[in-house]
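Written out below as structure tokens is the structure these notes cover.
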Amino acid sequence: MVSFKILGSASEAVGETELEIEVNENKPIREILPGEPLKDELYIVLVNGESADLDTPVSGEAKVVILPWTSGG
């Protein structure tokens, strides 16, 4: 199962904050997530702790975190 932690505005678009989805063969993250399509430029994506994007293919026991970009000071 691929596990997802989805934070901030990304969770509003997807409709969940945590998901586990069975993925038997590599598929891009954007094809797996339910809900509204996410825009790459608005989110930081990590797969197994490494920088990725919504086109990164995942399967098996991958751990995906999606969070919005933030700025400020």
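Please treat every number below as a calculation from the coordinates, not as lab data. Quick caveat, the model's predicted, so the values are computed rather than measured. Neighbour counts are summed over all protein chains in view; Cβ atoms, including those assigned to glycine, are modelled from backbone coordinates with ideal geometry.
Miscellaneous remarks
- Between LEU46 and GLU18, the simple spin-label model (points 7 angstrom out along Cα→Cβ) gives 1.6 nm.
- Rg/Rg_globular for segment 2-68, with Rg_globular taken as 2.2 N^0.38 Å and Rg from C-alpha atoms: 0.96
- Anchor LYS63: lysines whose Cα lies under 19 Å away (excluding residues fewer than 8 positions away in-chain): LYS5, LYS27
- DSSP-loop chymotrypsin sites (Phe, Trp or Tyr not before Pro) across the chain, with at most 10 other Cβ within 10 angstrom: TRP69
- Between THR70 and LYS39, the modelled labels are 2.1 nm apart [label points 7 Å from Cα along Cα→Cβ].
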